[in-house]
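Input: a single structure, listed below in structure tokens.
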Amino acid sequence: MSFTFNQDDLNKIKELKTRYPSPDALCLPCLWMAQTKEGYISIDAIDAISEQIGLAPMQIYGVVTFYTMFHLQKPDRLQVDVCKTLSCKLCGSDEILKHLKSKDVYVNHVECLGSCGTAPMMQIKDKNYENLTNEKVDAILEELL
């Protein structure tokens, strides 16, 4: 198995077990830990999580494939999540999406990212970028790439 949790991770999982009543509830924080560690969720990471929390690997895989924020492959380009729900759409997300597709990034059109009051918005890693224009997108990408 090429993925392993280090001792700090195992201590965190042990502490999380006291706060979460079931293995199902513990699955998401463990997936976040694994993705933060590797940049994606590998099959080995799923197996390691399964071993730690007692859920079948297939159940964990189902969670990974349900949520758009988890990735089964290491991204080869910067991943940009663009909200596609109504608030963002009404405020111009289609134009932002079209603009992003001309850039050297992987664009993921996702459900609500929870920032309707500052639409249109996108998320890169764990950071939200709001009130977007094409010019703001260019400035953000220039800084990150």
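What follows is calculated from the coordinates using simple rules that are stated; it is not laboratory data. Quick caveat: nothing in here was measured; it's all calculated off a predicted structure. In this analysis, Cβ positions are derived from the backbone assuming ideal geometry, glycine residues included, and neighbour counts consider all displayed protein chains.
Whether any residue in region 16-39 is more than 27 Å from Arg77 (Cβ to Cβ), charged (D, E, K, R) and over 20 Å from the mean Cα position of the chain (by Cα) is what I want to check. There is at least one residue in region 16-39 that is more than 27 Å from Arg77 (Cβ to Cβ), charged (D, E, K, R) and over 20 Å from the mean Cα position of the chain (by Cα). The criterion of being of a type in the set (A, V, I, L, M), in contact (Cβ under 8 Å) with a residue 24 or more places away in the chain and in contact with a helix residue (DSSP H, G or I) (Cβ under 9 Å, 6 or more places away or on another chain) does not hold for Ala56. Taken over region 61-85, the criterion of being part of a loop (DSSP other than H, G, I, E, B) and aromatic (Phe, Trp, Tyr) is satisfied by Tyr67, Phe70.
Every residue, every condition in (1) surrounded by 14 or more Cβ atoms within 10 Å (Cβ to Cβ); (2) among the β-branched types (Val, Ile, Thr); (3) over 18 Å from the mean Cα position of the chain (by Cα); (4) assigned to a strand (DSSP E or B), yes or no:
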{"position": "Ser87", "(1), (2), (3), (4)": "yes, no, yes, no"}
{"position": "Asp94", "(1), (2), (3), (4)": "yes, no, yes, no"}
{"position": "Lys103", "(1), (2), (3), (4)": "yes, no, yes, no"}
{"position": "Gly114", "(1), (2), (3), (4)": "no, no, no, no"}
{"position": "Ile140", "(1), (2), (3), (4)": "yes, yes, yes, no"}
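In the set (1) in a helix (DSSP H, G or I); (2) surrounded by 16 or more Cβ atoms within 10 Å (Cβ to Cβ), the condition left unmet by Met58 is number (2).
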